[in-house]
Each structure stands twice: as C-alpha cells, then as structure tokens.
1. Under the Kirkwood approximation for Rh and a Cα-based Rg, what ratio Rg/Rh is obtained for segment 270-389?
2. Assuming a viscosity of 0.890 mPa s and a temperature of 25 °C, what translational diffusion coefficient in µm² per second does Stokes-Einstein assign to segment 319-378, Rh being the Kirkwood radius over Cα pairs?
3. I need the fraction of alpha carbon pairs in segment 287-340 separated by more than 18 Å, rounded to a whole percent.
4. Highest mean first, how do 263-269, 140-146 rank when packing is the count of other Cβ atoms within 10 Å averaged over residues?
5. Whole-Hz Karplus ³J(HN,Hα) for segment 310-320, in order, using 6.51 cos²θ - 1.76 cosθ + 1.60 and θ = phi - 60°, x for Gly and Pro?
6. So if the hydrodynamic radius of segment 51-155 is defined as the Kirkwood radius over C-alpha pairs, what does Stokes-Einstein give as its diffusion coefficient at 25 °C and 0.890 mPa s, in µm² per second?
7. For segment 55-102, what is the accessible area per residue in Å², given a 1.4 Å probe and the full set of protein chains?
Amino acid sequence: MNDQLISERVPSARISPLRGRRVSVAAAAGLAAAMGVGRFVFTPLLPIMTASAGLSAGDGAVIATGNYAGYLAGALLLTRMPHLSRRSTFLVWSVVLIASEAAMATTAQVTAQTGLRCVAGAASAAIFIACAATVAHHRDEGASLGVAFAGVGAGIATTGVYTLLAAPHLTWQGLWLGSALLTALLLVPAWLLDIRGEKGDTGTELGIDSNAALAQSRAETAPAVRRVWRFLLACYFVEGVGYIIVGTFLVAAVAGHRGSSVAGAVVWTIVGLAAVPATVGWHAIARRIGTGPALTAALMVQAVGTASAAISGSLAAAAVAALAFGATFLGAVVLAIDFGHQLSVTRAAASLTAVYAVGQVIGPLIVVPVIGDSFATAFTLAAVIIAVAATLALAATLLHHNSGRGDHHRASAPSIRGGGDRRGNRHDGDHA
C-alpha cells in the first residue's frame, strides 16, 4: 500500500517540484511573459515603429486590434475546451508566443504584423489561463493569485525599462527580437509548473470559489439579479472599450508629443509599477466598502486620470494618467468578476471575460478616425467611455443594494489571497 502511494506521488513530483508560494512566483513570471511582455510590449514599441518602420497611428490601432482579437479567440477556445490547458500544450503555446514576437522583426507589412499579433494574443490568453488556474489549484498550499497577478504589472514595468535601456542601441527589429528573448527568459520558471486546466463550469473559472453559486444556483433567474447582471455586463464591456484606448496609445501620445521614446518608456514603467499592488489593494478596499462601490471608485479614478491626458499634453499629466491607469485596470478586472460571482450567475467569469475582450477589440478601431498628433480627442473619448462604465457600475451597485444582497457580500467577498471569510469559508481570487 505504501509503495503504491509512493509510486503515485513520484510522477507528480517529477512533473513539478513547485508547491505553495513558489507556484505563485513561477506563475507571476509566466503572467509577466504572457501579458506584460507578450501582450503589451507593442505599446512602448509602437512609437518607435511609427518613427522607423513607417507605421501610422491608424496602422498601430489595426495591429493592436489583431492582438486583442487573438486574445478573445484564445480565451474562448480554452473556455470551451479546458482540456487543452495541460503541460504539453503550455509548452507549445510558449513556443508560439516567442516565435510570433521574433517574427515581428521580419516584416513591417501591416497585414502580416496584425496576423502575428493575433497569434501572440491567442498564446497569451492560453498561458494566462493556465498559470492562473494552476495557482488556484494550489491555493490550499498557500499559493496566491494576488502574487501571480502582480506579475502582469511587473511585466509591463519590465517592458518599459527594457525599451528605455535598449531603444538607443537597437533598431525596431532588434527590439522585437529582444522582447522574444525576454519572454523566453520569463517563461522558464513557469515551465516548472504542473499546469492545470480551469475548474468546472459553474463559475469556478481560474479558482473562483463556487460555494455561493452551488448554494444559490437559481438566483440568476430572479428578475432583480438579472437586472444587476445586465448592468454589470454592460459596465465591463464599456470598460473594455475605454481602457484599451489608453493602454494602446498612451505611450505613443507621450513619445509623439516629445519626439522621443524615452518619456514614453518612463510613463509605461509607471503604469507597470502602479499595477503590481493593484489587485490586492482594490480587494482590500472592497472588503471595507463593498465590491460594487470599490468597482465604481476604481473606474472613476481611471476616468479622471484619462481625462488629465486629454486636457494636457504635459509629461506631468501623462504621469497622472499612467498612475491612475496602472492602479485601476487590473483592479477593475478583479472587482467586476468578484461582483459577478456574488450574483451567483453561472459562468460569470467566462461571460464577463468574453464581453471585456470584445470591448478591447472595438476600442482601438473606434478612435482611428479621430487620432491626431496630440491624441487628445482619443483620450477625451476614452475618458467619457470609462465614465459611462463607472455610471453603469454605480447603477449595478444600487440595484444590488436594493435587492437586499449588497451588505451580505461586503462581508464575504472572495479573497484574492485565498483566505477565508469570517465564517471560515474558503475563497479565492479572479482573473483578467
């Protein structure tokens, strides 16, 4: 009997020597590679490509949209076919992501680059889902989604520092090859993970606790809950449209205004550094004031920060926008999905992620006709859109409170640190 138990444990140990908090750190490196570099490195490189490769801001919007569309496709694929999230396919997705970044150095043709960024988006989504689900699987050992999500911000900051240091010495092609190498290095710790797929199909995506959903499986049929859910879906879709405009063009606007990529790289580094503690910070706020009010506040902060970039082209205004954006865009993700989970809606995380991804595809395209040298009109539009998202979040919060469920969930909001609530129930975090 003991020999049998040992033989069953040895293969698992060979697959991954990582347990507990080491899983969080390795997953953070994977998310830094997939999201911070693989997905968002295009943002600091866009102004350099605009100056050297002959791309226009409109071309950049189209290429960025390809990445967001690929991310949507990848997320939907893994949601429908979670068995594809395993260690062997994780390695394949890693190679695809690295190769797609390296291939960006081979062509300046917009169609080809859009296709490559689409492939990179799908690979980023697959790696993100695999890392987050694996952390959720090890949460009882002390693994933390809060630590893992910090990898996204750390990866963004890394791309800013990388661009700042390497841009004076490398061509845009060299920068893409360097980003591929950086992605590969960051993925090395993640390759040690015992990759796990998403859990179940009742709102347990990426470790979201399903106790409430199981206990109140019929709640989503109640008219009051359906109204709250519709407002939340609308809020998250609109936020997807608005935030991605800032995430795509903030660095290009700063670099274009000053004729240098240095200022843009500094601003992008601020975004990353602000994003590192964001998920844990906003969750702590939600535990005090409630998830809905915290989501509304996060979106209001983001809207005001975006408005500052629209009003002034100064570096100070750009820094304020970067700080507000970095401090809120990941927090909004966690809070929105926490909110959806509290409604006990089946597959809330998957549905919210889908509408959010659709919004990201639309965002860059709607500002193409209005992008000018200052990008002021685009940021004005983004600020208005994000303000609408905040209004929808407020409406959902008020409806939720009036339904008599809001105060209960202030006390029992899921914990991104994998801890328990006051009644000893286990809770987990959410995903982007």
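1. 1.00
2. The diffusion coefficient I find is 179 µm²/s.
3. That tail contains 35 percent of the Cα-Cα pairs.
4. Ranked by mean Cβ neighbours within 10 Å, highest first: 263-269, 140-146.
5. Karplus-based 3J(HN,Hα) across segment 310-320 equals 6, 6, 9, x, 6, 5, 4, 5, 5, 5, 4 Hz.
6. Here the translational diffusion coefficient equals 164 µm²/s.
7. Per-residue accessible area for segment 55-102 comes out at 39 Å².
The values are calculated or read from the model by the stated rules, or taken from the named source; none is laboratory data. These numbers come from a predicted model, not from an experiment. In this analysis, Cβ positions are derived from the backbone assuming ideal geometry, glycine residues included, and neighbour counts consider all displayed protein chains. With ligands, DNA and RNA removed, areas are computed over all heavy atoms of the protein, side chains included. Shrake-Rupley method; radii C 1.70, N 1.55, O 1.52, S 1.80 Å.
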